[in-house]
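Below is one structure, written out as structure tokens, with a few remarks after it.
Just so you know, all these numbers are worked out from the coordinates, no wet-lab data involved. Predicted model, so just to flag it, every value in this text is computed and none were measured. Don't worry about glycine lacking a Cβ; one is built from the backbone with ideal geometry, like all the others, and counts go over all protein chains shown.
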Amino acid sequence: MEKETLNRLQSIETEMLKYVHDICVEHHLHYFMVGGTLLGAVRHSGFIPWDDDMDIALPRDDYQKLITVLHNKSSAQNPYWIQSIETQPDYWFPYAKLRKKHTVFAEDSMKNYRGESEIFIDIFPLDQVPKQSSFFQDLQALVIKGCGSVVIWRRLHYGKPPHERGIIGSVLNLLTTNSLVKIREKAMRFYNTRSELKYVSNLGSNYNNRRQTMPESVYGNGTLIKFGSYEFYGPDDSQQYLKQLFGDYLKLPPKDKRQNHNPVRVVFKSES
């Protein structure tokens, strides 16, 4: 991606997060920059220079409230719309995406995917778990990842004849996307009724579940961190979060490890 395109993309995504930030403040919802977005804020006071997406996370209850508020704000005049399993029947990711209308962000890895490809930011739920790690939590994560993998396989192989899917593929194809999403959602929320639990995990993330599982106190109520010309919320203990997720997070990776979504096509509003 050319530098000018990347800069413009980052600017649009920053404005999208500002939109979410203002809504969360208005409705007293706690959100946190997470993953590479938090790393960029702490290490670069903005985006990681080569990064092309943004990630935030909210405790499950606040996450569900945010989805509702964003969906209720949908209109022809609003440049953004929220995509989630609650707002779109055939959606299948374990987290929501706020998308910008009349844009294109086509990823090479999703070239066979049937669905939307607009510029987005990712919004993850934080679900409760009993402790830092356990056999049952690893099993929970395995079910969640397994359901997601089957759904992705189905989406990417949609319409292919049986001889191209293979025996296992043909069996997996008998499972409906809706049933897999329901199983995954139940697994993600399995411990949420136990209010005494003091750990949370971003189970929808691609990172290892043990690295994503942290005491609630790490997130706290959120602390404002400079991000470009704005300030957005990160965890109260961003240092502990980043150390657990990335290790030596202040050290820049080698140039050949500086990866992003590798979009094959990016189109901004009113372009063709």
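For the set K18/K145; K73/K269; K3/K226; K3/K73, the pairs lying more than 29 angstrom apart at their alpha carbons are K18/K145; K3/K73. Remark: spin-label model distance L224-S133 equals 3.8 nm, labels positioned 7 Å along the Cα→Cβ axis. Its DSSP H runs of at least 4 residues, each contributing -39,500 (n - 2.57), put the calculated 222 nm mean residue ellipticity of the chain at -12500 deg cm²/dmol, to the nearest 500.
To the nearest 0.05, what FRET efficiency results for T193 and E231 with a Förster distance of 35 Å applied to their C-beta separation?
Details: r = 35 Å, r/R0 = 0.99.
For T193 and E231, the calculated efficiency is 0.50.
Distance between the modelled labels on L252 and T68, one decimal in nanometres: 4.6 nm (7 Å Cα→Cβ projection).
Only helices reaching 24 angstrom along their own axis (Cα) with mean Kyte-Doolittle hydropathy no lower than 0.0 count here, and for the DSSP H runs of the chain these are 135-156.
Here the simple spin-label model places points 7 Å from the Cα toward Cβ, and for K269 and I23 these points are separated by 1.6 nm. Of all aspartates and glutamates in the structure, those lying under 12 Å Cα to Cα from K131, and not within fewer than 8 positions of it along the same chain, are E196, E216. Along the Cα-to-Cβ line of K3, 7 Å from the Cα, sits a label point; which residues in the stretch 235-268 have backbone N less than 20 Å from it? Residues passing the 20 Å test: 252-263, 266. Legend: calculated FRET efficiency, H102 to N262, from the Cβ-Cβ distance at R0 = 22 Å, rounded to 0.05, equals 0.45.
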